Amino acid sequence: MNVKTGSYLIFRSVRPCYTRALLSLRSPCRGHRQSSSQPPKHAKRAERTGFSPAASSKYDWIGPPDRLSNLRPIIYHIPENETPLERKLRHLRQETEDWNHEFWTKQNFTFTKEKEEYVQSQLTTKGLSERDDDGRKRTLSSEEMAVFYKHFLDKNITRHASYNREWYRRNFTITLMMARVTLHNTWRILTGQTRGTGREKGRTT
Amino acid sequence: MFLWEGLRWKMRSLLGVGVQLKLISNASRSHMSARSLIQLCRKNQAEWITFQHLCFLKRQYVMSSSGLCQRAIPKQESVTAVLDDRDDSVVSQVQKIPALKPEPATKALPSDPAEPEAARAARLEARQWKELKVEYSDLPGIYARLAKLKLTALVVTTAAAGYAMAPVPFDPVIFLMASFGTFLSSCTANSINQYFEVPFDSNMNRTKNRPLVRGQISPLHAVSFAMACGIPGVTLLTLGVNPLTGFLGALNIFLYTCCYTPLKRLSITNTWVGSVVGAIPPVMGWTAATGSLDPGALLLGAFLFSWQFPHFNALSWNLREDYSRGGYRMMSVTHPGLCKRVALRHSVGLIGLSALGPVLDVTTWTFPLVSLPINLYISYLAFRFYRYSDRQNARKLFFCSLWHLPMLLLLALTCKKSRVPQDEAAVAPSTPSVAL
């Protein structure tokens, strides 16, 4: 047994209560969990967010805004006998969420960092210290900050434009796929097929 | 030998058989027999150690076996939220600690019995994990926020004013259908706008409590709601009122969702497009009444168009940081001089437009006179904004614009040119209506 699997097992054993839920809800490829060299991506996400929903829950769960990206993470419910289309949708949503999180984390971090650097450089040019006599941090006026805001926007225009395009494309794709899944499920209910038996039989979409 | 001590204490601090198994495998690498290791561990169960000692030894152990570097992070280590270039698992550990203590949250939120503030409840709610289940009792509130109900109400008011200003006898049925159709179209446009802007809204303080950001409904649900409003709305306008109004309604939805919303992140021309979007509802009201695009309709549209600039430029002046971080290209951020000039220009332009009222036979000559005080006041505030460009003046201008518009429309309504020849009381002498 290699070290990484061992460390994963340790981690599982010290976490309270929800290991069973973790197993049933998190692994996209059931049964592969033990032999994988790394914990599946969803398990990593659950560790990252520090939350696991109850095993009996049939819904997705949405969490508080992330500290860095301000986006809310979602833990997706994996139904039994998930169809390939539903799985594709879930993976796409997960991937989009991670991609979004990465972009906004980087954006917010870069913005804050560059803003600090700008304030420092401005204060240095003026010959002022970082903190005033009361010990509070010095801030610049809105006009001085406006120069930085404009510069930040101009510097990142191509990045923002390409993010925009990609986001719109993903959003449309996800929504269309959600519509297909909903229609498919409705059709299955209407034609009286249950999830277990009617799989792949009468797919119309 | 020291490493050996470290191994022993390490095992005590962690639970689980897996640890022992791992240690055994490590021990075998260190050339010690497994049996002797287990025997040694079992002997010393009763001994106590201090936590600091434990952590120190743990660190020693971890550093000597590189594969465990990811896991040994005791809680006292200070973590910063700085991202570094190491792999994702380390970053995820860094992020984990500042996050909430994991709560096994159930469906019901903790109720705050003596807490009157809805804001505090919303703030507490925002910190919890929530099940993404649609509560049917919440739906009206959710839809109201999705459709930006207050903004929609303002839009319907301007459309109603457009209808009322038109020189035709008042028909309550057409009036109601036009108003309702405009209401539905506005709901559609606002819902699609929110659907497009979820990640941006999450990052701005003003918009982070919107329904899609909070996950109260799914994106598909929002789009379905938008279509359920838009299709009946435009159909009602086209069939129930007239095709021109229906066309204008559809055009407005298109301009707002497909032009203004994407343009917000690409170019400052979004403000001008947005002003056209705001100008169309009164035109729609007028065309609902007369069925044609008269100069009077265009004048009312021009009022709204010009009004948008002092209104929006003043609002955006105080949101510059949020816009910059969110990647929105607004005049106030990228072209501040232009922003102030345009606001001033259009505020003064309102005076000129009011003077056009009697010229185009929409209002009597009293209208430019009675509207002069409020127009002068908003121009004065726009001038102060232009001159001093600070937060205070921007805020004053914005709040003035909020009451200026309803007042202007009301005055126009009271000074409306009467079309009834017999009516000679208080209204200016009637002239034959300028019909096209």
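The values are calculated or read from the model by the stated rules, or taken from the named source; none is laboratory data. As the structure is a prediction and not an experimental result, all values here were calculated from the model. Heads up, the Cβs are rebuilt from the backbone with ideal geometry, glycines too, and the neighbour counts pull from every protein chain shown.
Of all residues in segment A:109-128, those that are out of contact with any helix residue (DSSP H, G or I) (no Cβ under 7 Å at 6 or more places or on another chain), buried (at least 18 other Cβ atoms within 10 Å of the Cβ) and within 12 Å of chain B (Cβ to nearest Cβ) total 0. Considering segment B:297-359, the qualifying helices (runs of 4 or more DSSP H), each wholly inside and each with 1 or more residues that are more than 30 Å from A:Thr139 (Cβ to Cβ), run over B:336-359. The residues of segment B:313-337 that are without any contact (Cβ under 8 Å) to a residue 40 or more places away in the chain and surrounded by fewer than 18 Cβ atoms within 10 Å (Cβ to Cβ) amount to a single one, B:Gly337.
Every residue, every condition in (1) away from chain B (no Cβ under 11 Å); (2) in contact with a strand residue (DSSP E or B) (Cβ under 7 Å, 6 or more places away or on another chain); (3) farther than 18 Å from B:Leu263 by Cβ, yes or no:
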site	(1), (2), (3)
A:Asp134	yes, no, yes
A:Leu140	yes, no, yes
A:Glu143	no, no, yes
A:Phe148	no, no, yes
A:Asp154	no, no, no
A:Ala161	no, no, no
A:Asn164	no, no, no
A:Trp167	no, no, no
A:Leu176	no, no, yes
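The criterion of being modelled with pLDDT under 95, of a type outside the set (A, V, I, L, M, F, W, C), surrounded by 19 or more Cβ atoms within 10 Å (Cβ to Cβ) and over 30 Å from A:Phe152 (Cβ atoms) holds for B:Thr363. B:Thr261 fails exactly one of the following numbered conditions: (1) of a type in the set (S, T, N, Q); (2) closer than 22 Å to B:Gln308 by Cβ; (3) more than 11 Å from every other protein chain (Cβ to nearest Cβ). What is the number of that condition? Every listed condition holds for B:Thr261 apart from (3). Of everything in segment A:69-78 that is at the interface with chain B (Cβ under 10 Å from one of its Cβ atoms) and farther than 26 Å from A:Ile157 by Cβ, the residue that is nearest to the chain's Cα centre (by Cα) is A:Pro73.
Put simply, of B:Thr245, B:Thr238 the only residue that is touching a residue at least 40 places away in the same chain (Cβ under 8 Å), away from chain A (no Cβ under 14 Å) and in contact with a Ser or Thr (Cβ under 9 Å, 6 or more places away or on another chain) is B:Thr245. Anything in segment B:125-149 that is surrounded by 11 or more Cβ atoms within 10 Å (Cβ to Cβ), at pLDDT 70 or above and part of a helix (DSSP H, G or I)? List them, or say none. Scanning segment B:125-149 gives B:Asp138, B:Leu139, B:Gly141, B:Ile142, B:Tyr143, B:Ala144, B:Arg145, B:Leu146, B:Leu149. Residues that are modelled with pLDDT under 95, in the same structural domain as B:Phe309 (by TED's automatic domain parsing), within 30 Å of B:Thr269 (Cα to Cα) and hydroxyl-bearing (Ser, Thr, Tyr) do not occur anywhere in segment B:407-429.
Considered as a group, the residues in segment A:79-103 that are closer than 21 Å to B:Ile217 by Cβ and over 10 Å from the mean Cα position of the chain (by Cα) include one that is surrounded by the fewest Cβ atoms within 10 Å (Cβ to Cβ), and that residue is A:Pro79. Restricting attention to segment B:279-296, the residues being within 15 Å of B:Leu248 (Cα to Cα) and in a helix (DSSP H, G or I) number 12.
Considering only residues in segment A:149-176 that are aromatic (Phe, Trp, Tyr) and touching a residue at least 12 places away in the same chain (Cβ under 8 Å), the one that is nearest to A:Lys113 (Cα to Cα) turns out to be A:Phe152.
Looking at segment A:56-68, I want the residues that are more than 7 Å from chain B (Cβ to nearest Cβ) and have a partner that is crowded, with 18+ Cβ neighbours inside 10 Å with Cβ atoms under 7 Å, at least 6 apart or on another chain. Which pairs are those? So the pair list comes out as A:Asp66/A:Pro73; A:Asp66/A:His101.
Condition check ((1) surrounded by 22 or more Cβ atoms within 10 Å (Cβ to Cβ); (2) closer than 30 Å to B:Leu413 by Cα; (3) not assigned by TED's automatic domain parsing to the domain that holds B:Leu304) across all residues:
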position	(1), (2), (3)
B:Tyr163	yes, yes, yes
B:Phe175	no, yes, yes
B:Ser202	yes, no, yes
B:Thr207	no, no, yes
B:Val213	yes, no, yes
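Please go through segment A:129-172 and pick out each residue that is of a type in the set (Val, Ile, Thr) and either surrounded by 14 or more Cβ atoms within 10 Å (Cβ to Cβ) or in a loop (DSSP other than H, G, I, E, B) (or both). Answer for segment A:129-172, where residues must be of a type in the set (Val, Ile, Thr) and either surrounded by 14 or more Cβ atoms within 10 Å (Cβ to Cβ) or in a loop (DSSP other than H, G, I, E, B) (or both): A:Thr139, A:Ile157.
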